[in-house]
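The values are calculated or read from the model by the stated rules, or taken from the named source; none is laboratory data. For clarity, every value in this text was computed on a predicted model and none was experimentally measured. For neighbour counting, all protein chains shown are included, and Cβ atoms are generated from backbone atoms with ideal geometry for every residue, glycine included.
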Amino acid sequence: MMFKKDDGAAPKATMTRSWRMDRSTNELIGICRGILADGEVNVTEAKFLLGWLDRHSEFADQFPYCVLYPRVAEALQDGVLDLDEERELLEALTATVGGEAAHSNGANSLSTELPYDVPLPTILHSASIFVVTGTFSYGKRRVVHEAIEMRMGVVRSAVSASTDYVLVGEVGSRDWAHSSYGRKIQDAMTFRNQGAMISIIPERHWVSSLKPVVKEGVNEY
């Protein structure tokens, strides 16, 4: 089925690929959560995941595919999973959903926190490039941009290899993987996997780094 825009024209290939990747990534995260539900990974689950990744190889250079595929393929080279391989796969699956598997009262639960830097970095505004995404307690997006620019930082609309910080608003941010701003986080992870030095930081950490800016004798935050 070919999707069309409101004007009747077929969408650009980049648009349909982006849509397919969003849909596939949501499906992949669902698969990872299902495997993590019992806190274990067995050979059958790993083979199923590898087959799914093979069928979605058009995204092999994007996060999280570029991280998961080599880990799963290597673990299954001999057709079995030893304890070390299972542990490594659990870590990779957990990183994919942006959280950590935890056991509570005999049952397993999964935190879906965002993949922030650990430890959180020192934030240097001057001459640094920021990409801002999400909804902020600090204020509207425009206010956040102004706060960065007052401190001589640069705000860009899209993530690139030269991005220094991806700043994530924390209002409703827990379900990041299924949100409209999950794309920027995925882009940041992809560039990082290629060697870019991009930090993903939460709003609260950014706010704690703000120092007053003196404008005409008045301190402003």
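Here are the numbers:
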| quantity | calculated |
| --- | --- |
| Residue count, region 34-62 (criterion: assigned to a loop (DSSP other than H, G, I, E, B), among the hydrophobic types (A, V, I, L, M, F, W, C) and under 22 Å from the mean Cα position of the chain (by Cα)) | 2 |
| Region 167-181, residues that are modelled with pLDDT of 70 or more and surrounded by fewer than 21 Cβ atoms within 10 Å (Cβ to Cβ) | G169, E170 |
| Selection within region 115-131 - part of a loop (DSSP other than H, G, I, E, B) and either surrounded by 15 or more Cβ atoms within 10 Å (Cβ to Cβ) or among the polar types (S, T, N, Q) (or both) | P115, Y116, D117, L120, P121, T122, I123, H125, S126, S128 |
| Subset tally (residues that are more than 18 Å from E40 (Cβ to Cβ) and of a type in the set (V, I, T)) for region 63-82 | 1 |
